[in-house]
Amino acid sequence: MRRIFSRAGLALAAIVAALVVIVVTVQIGERIRALLLPPPEKFLRRADKMANNGEWLAAAPVYKQAEVLFHRQGNPSRELYAKVSQAPAEIESSPRSLSDWLAVLNQDLMLPGAADPDTRLRVLEIKGQIETNYDAALAHDTWLGIRHLAIQQHEFELANRAYGEDAIALYMLGDMAGARKQVVRAYAAAKYVFRDRAGQVRFASLIGTGMAENGKYQDSLRYLDEAIALAKKNSGAGYPSVAINAKIEALRGLKRFPEALALCAEAMRIPEQYHLRGRLYQVLETRAHIFEDMRDLRQATRDYGQAVQYARELGYWRGLTETDGPLARVYEEQNELDTALRSVNEALDANQHIPREMYFAPRNLAIKADILKKLGRVADSNNLYERSLALIDSLLITAPTPNIVNSIITSLSDVYSGYFSSLCEQGKFAQAFSVIERAHGRVEAVALQSKRHLPPHAPTAQEEQLTALNLQLIATGDQRRRDELSNRIAAVEDQIDSDPWSHAVATQPASLEDVQNDLLPQEVLIEYVLAEPVSYALAITRTSATAYALSGRSDIEPAVQRYIELISKGSTDNQLAYRLFEKLLRPVREIQNHTSAVFVPDRCLHLLPMAALYDGGRYVLATHTTSIVPAATVFHILRTRARLAATREPFVGVAPWTGERNVKHKLVAAILNPLRGGGPRSTDFVPLPESEHEVEMGRKKIDGLLGAKANPAQLLIGANATEENFKKLPLADYRVFHLALHGYTDIEHPDRSALVFAPDPHDSREDGLLQIREVRQLRLNAALVVLSACNTGLGPTGEAGIANLSTAFLQAGAQTVVSSLWAVADRATGEFMDQFYLHLAPNESKAEALRNAELNMLTSGLPPYYWASFEIMGDPDGTVAKGNTL
């Protein structure tokens with residue numbers, strides 16, 4: 001991370017200040033001119049002020065008065081302006097469809113009065129509002145035209161609004177990167193340049209809505225609550241319906257159903273009073289999702305059905321594509337297959353009217369595919385699933401960040417798991433494997449297939465600002481100040497450009513045959529798919545591939561979460577460990593005659609140490625070597641890529657926190673709670689005195705193993721172990737890394753998870769936090785990276801995998817990563833690492849060395865808390881000896 005106050009930053013501040021002065025001057029002039037306006041213009045300005053704040057209902061009668069007066073004056077352009085401005089208040093209660101309204105507005109644009117630039121802008125603005133809910137392709141063209149014309153007329157605030165509104169169209173058209181960029185920039189301009197409070201409310205609502213739709217529920221509330229609070233604070237501001245509906249969705253995602261339903265009741269009052277069908281549609285559609293989650297299928301069916309009826313009345317094609325699909329799903333669950341098929345067909349037919357909008361199409365195609373499978377039309381079902389996956393790929397191409405890639409895959413997980421399940425039932429295991437591999441480990445596979453490292457570059461303004469904010473966050477213990485800084489950090493993160501590889505899509509996942517050829521005779525790769533009502537374990541060996549049906553996700557996940565909670569706190573429960581063995585491993589026959597198990601976990605299984613399951617007599621650790629990998633495709637890439645480049649340096653060890661409490665610097669590490677979030681703190685630093693011994697032990701064993709007398713290891717100990725010193729090393733030249741630091745894991749914001757280096761007493765451009773986004777950009781060529789830090793294996797999980805420091809180091813070029821799932825005492829960690837390096841030295845494989853270190857602790861009577869935390873991710877085979885293949 002980089003420090004702030006570059007020339008570019010100062011220049012930007014000067015530009016913003018100048019723009020603010022211009023805006024304020026213009027506003028004062030507007031007020032003076034308003035006093036001199038004739039009566040109809042006064043009506044128009046008063047109505048415009050209300051409309052600008054989103055109060056179109058209140059503005060409509062004032063516009064009507066202005067229209068009458070302008071007609072008497074014989075002023076057709078202003079009369080037309082006032083007339084079309086009443087449309088937003090009339091649309092939702094009018095018998096006209098959206099297409100009818102657009103036809104009227106297109107005719108208005110042909111009238112002589114529309115030649116006036118202000119009037120033309122207003123007609124186009126109303127047209128853009130309708131098209132945003134009708135056809136994103138039309139809306140995109142209209143908002144581009146509005147922005148161009150507004151700039152010509154020096155209507156810069158309107159130009160900014162058009163820029164932000166266009167983001168909705170881009171999102172629905174599948175350009176997620178462009179949508180994200182535009183709405184974030186429009187929000188910043190509305191808030192800081194134009195002081196456009198209504199625009200700020202609008203764009204904060206849109207940002208929050210996007211976050212909620214991508215599963216970032218807690219994050220979305222920050223923007224949504226800002227929009228709601230600002231709307232309430234400003235007298236005359238319109239009801240923030242977009243923010244309210246998105247907040248309902250966020251509360252639903254957080255399982256806070258009573259709060260969500262209470263907010264639904266509040267949101268229904270005004271729409272029911274004025275019969276605003278568009279708003280009623282929005283609330284009913286969201287409420288139906290809540291009832292579906294609560295398994296009240298009857299009420300969900302009623303709400304979905306009523307929302308569909310409003311969408312039909314409005315001619316709201318997107319509403320039909322959005323809601324008819326879930327309605328079909330609910331009918332299907334009630335075994336009303338013919339009715340379900342009619343509903344989903346209506347959704348897909350509606351999509352034909354807006355063919356460039358692809359957002360809901362993958363889900364709807366998959367819903368129809370599942371219905372057809374149950375009706376016995378298997379070939380048609382397979383074809384629809386393939387079309388759905390192709391559309392998802394087109395969405396992923398434009399996803400702006402790896403986290404959004406993961407969010408999209410997780411939100412559409414039913415497509416992958418549904419098709420996988422269907423193919424397994426058909427006995428088509430090779431195809432089923434290919435389907436699930438398009439979801440599992442997608443980010444890691446793309447990174448490894450198309451790895452491009454960023455060249456050294458001067459820090460951007462955003463990077464400098466992030467560094468400064470991180471340093472302030474670490475230094476303060478005041479919670480209100482920390483909350484403020486966390487919000488500012490999130491705002492800057494939204495403006496950072498995406499990773500250089502994130503727009504690529506892996507050409508093809510590895511084939512089943514390729515993976516089988518990669519496996520050693522003693523290895524079995526077990527890939528899990530957690531779904532409802534049936535989960536699967538696909539067991540792959542050199543000569544076979546078999547899918548085993550398991551219990552549903554809702555049965556597996558609570559038991560997994562309970563067991564993780566117990567053993568990570570030092571408790572044991574062999575009965576629960578046995579039940580999990582029975583659910584996850586007992587059905588897999590191949591586990592009995594293969595001694596090395598490579599697991600591709602799904603969802604919560606990423607956090608479950610499989611070695612700690614219990615077969616009734618022994619832990620799995622006693623009989624098997626275990627490892628995990630994000631995807632079989634990643635396993636294939638690691639096994640088959642080129643040999644290690646010649647490395648001049650054998651080992652680098654980093655141990656910053658070796659001494660007593662350091663009170664001289666602002667940055668000191670803490671015991672970091674991975675579930676707390678909010679960033680690391682500078683309080684209660686606990687030294688890691690064993691960490692120096694760890695890296696010394698690793699250095700001696702690796703030097704002895706590699707015969708590296710002429711190339712001594714590089715050690716960064718104590719105050720020398722800064723982030724800047726680490727980054728200055730020729731990192732691509734080292735075979736083994738041992739990083740004995742504090743780790744910080746942020747479940748809500750995985751890119752903020754970090755390794756904590758020593759404070760830099762000099763004027764460094766780094767903040768001491770090597771965050772995930774920075775790890776991905778490192779250029780490594782390492783056979784082994786050992787993360788001897790707490791919680792480095794933790795992260796948010798989903799269908800696409802897990803986002804944590806281990807996967808980031810794989811993406812950076814590591815062949816194998818050792819990490820931990822929970823915090824273990826410093827002395828115990830030191831003893832474990834001693835055993836690991838002792839076993840690694842005699843040329844045992846990396847996975848065997850880890851297992852033997854764990855066995856030593858198990859046989860000494862220690863519970864899983866002490867040994868099950870450590871896991872191997874990546875390629876478990878091979879040693880770190882020079883010349884071994886990657």
Original post:
Does the stretch 364-374 contain at least one residue that is over 30 Å from His440 (Cβ atoms), of a type in the set (D, E, K, R) and either modelled with pLDDT under 95 or open to solvent by 20 Å² or more (accessible area, probe 1.4 Å) (or both)?
Top reply: no
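Scan Ala66, Ala82 and give me the residue that is within 29 Å of Tyr310 (Cα to Cα) and open to solvent by less than 10 Å² (accessible area, probe 1.4 Å).
Ala82
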Original post:
From the set of residues in the stretch 379-388 that are crowded, with 20+ Cβ neighbours inside 10 Å and not polar (S, T, N, Q), which is farthest from Ser417 (Cα to Cα)?
Top reply: Leu384
Subject >> Which numbered condition Tyr223 fails, given (1) surrounded by 21 or more Cβ atoms within 10 Å (Cβ to Cβ); (2) within 16 Å of Glu55 (Cα to Cα); (3) free of Cβ contacts under 8 Å to residues at least 24 places away in the same chain >> reply: (2)
Subject >> One residue from Thr879, Thr829 being in a loop (DSSP other than H, G, I, E, B) and either modelled with pLDDT under 95 or over 20 Å from Leu739 (Cβ atoms) (or both) >> reply: Thr879
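Among the residues in the stretch 718-731, are any under 30 Å from Asn487 (Cβ atoms), outside any helix (DSSP H, G or I), more than 24 Å from the chain's Cα centre (by Cα) and at pLDDT below 85?
Start the filter on the stretch 718-731 by keeping residues that are under 30 Å from Asn487 (Cβ atoms), which leaves 722-724, 726-727.
Filter once more, keeping what is outside any helix (DSSP H, G or I): 722.
Narrowing further to those that are more than 24 Å from the chain's Cα centre (by Cα): 722.
This time we only want the ones that are at pLDDT below 85, so: none.
Taking every residue of the stretch 718-731 in turn, none turns out to be under 30 Å from Asn487 (Cβ atoms), outside any helix (DSSP H, G or I), more than 24 Å from the chain's Cα centre (by Cα) and at pLDDT below 85.
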Original post:
What are the residues in the stretch 814-842 that are in contact with a Lys or Arg (Cβ under 8 Å, 6 or more places away or on another chain) and either of a type outside the set (S, T, N, Q) or surrounded by fewer than 20 Cβ atoms within 10 Å (Cβ to Cβ) (or both), if any?
Top reply: Val818, Tyr837, Leu838, Leu840, Ala841
**OP:** Out of Glu336, Glu313, report the one residue that is within 30 Å of Gly376 (Cα to Cα) and among the charged types (D, E, K, R).
**Re:** Glu336
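Which one of Ile591, Ile556, Ile564 is within 28 Å of the chain's Cα centre (by Cα), part of a helix (DSSP H, G or I), touching a residue at least 12 places away in the same chain (Cβ under 8 Å) and under 26 Å from Leu519 (Cβ atoms)?
Values: Ile591 fails: within 28 Å of the chain's Cα centre (by Cα); Ile564 fails: under 26 Å from Leu519 (Cβ atoms).
Selected residue: Ile556, the only one of Ile591, Ile556, Ile564 that is within 28 Å of the chain's Cα centre (by Cα), part of a helix (DSSP H, G or I), touching a residue at least 12 places away in the same chain (Cβ under 8 Å) and under 26 Å from Leu519 (Cβ atoms).
State all residues of the stretch 300-338 that are open to solvent by 40 Å² or more (accessible area, probe 1.4 Å) and not hydrophobic (A, V, I, L, M, F, W, C); if no residue qualifies, say none.
Let us first name the residues in the stretch 300-338 that are open to solvent by 40 Å² or more (accessible area, probe 1.4 Å), namely 302, 306, 309, 312-313, 317, 329, 331, 333-336, 338.
Within the stretch 300-338, Arg302, Gln306, Gln309, Arg312, Glu313, Arg329, Tyr331, Glu333, Gln334, Asn335, Glu336, Asp338 meet the criteria.
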**OP:** Would you check if there is a residue in the stretch 139-147 being farther than 22 Å from Ala167 by Cα, at pLDDT 90 or above and in contact with an Asp or Glu (Cβ under 9 Å, 6 or more places away or on another chain)?
**Re:** no
Original post:
So Glu266 clears everything in (1) closer than 30 Å to Ala369 by Cβ; (2) more than 29 Å from the chain's Cα centre (by Cα); (3) not aromatic (Phe, Trp, Tyr) except one condition, right? Which one?
Top reply: (1)
Original post:
Hey, does the stretch 344-353 have a residue that's loosely packed, with under 14 Cβ neighbours inside 10 Å and assigned to a helix (DSSP H, G or I)?
Top reply: yes
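Applying the selection to the stretch 437-469, what residues are modelled with pLDDT of 70 or more and over 30 Å from Phe420 (Cα atoms)? Step through it out loud before you land on a result.
Taking the stretch 437-469 first, the residues modelled with pLDDT of 70 or more are 437-450, 460-469.
Of everything in the stretch 437-469, those that are modelled with pLDDT of 70 or more and over 30 Å from Phe420 (Cα atoms) turn out to be Thr460, Ala461, Gln462, Glu463, Glu464, Gln465, Leu466, Thr467, Ala468, Leu469.
Of a type in the set (Gly, Ala, Ser), touching a helix residue (DSSP H, G or I) at 6+ places or on another chain (Cβ under 8 Å), part of a helix (DSSP H, G or I) and surrounded by fewer than 22 Cβ atoms within 10 Å (Cβ to Cβ), is that true of Ala611? Lay out the reasoning, then the answer.
Working: of a type in the set (Gly, Ala, Ser): yes; touching a helix residue (DSSP H, G or I) at 6+ places or on another chain (Cβ under 8 Å): yes; part of a helix (DSSP H, G or I): yes; surrounded by fewer than 22 Cβ atoms within 10 Å (Cβ to Cβ): no.
No.
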**OP:** Can you tell me which residue among Ala188, Ala169, Ala179 is within 25 Å of the chain's Cα centre (by Cα), of a type outside the set (S, T, N, Q) and open to solvent by 10 Å² or more (accessible area, probe 1.4 Å)?
**Re:** Ala188
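The values are calculated or read from the model by the stated rules, or taken from the named source; none is laboratory data. It should be emphasised that the depicted structure is a prediction, and the values quoted were computed from it without experimental measurement. No Cβ is skipped: glycine too gets one built from the backbone with ideal geometry, and neighbour counts run over all protein chains shown. For the accessible areas, the whole protein counts, side chains as well, though only heavy atoms, and no ligand, DNA or RNA atoms are used. Shrake-Rupley method; radii C 1.70, N 1.55, O 1.52, S 1.80 Å.
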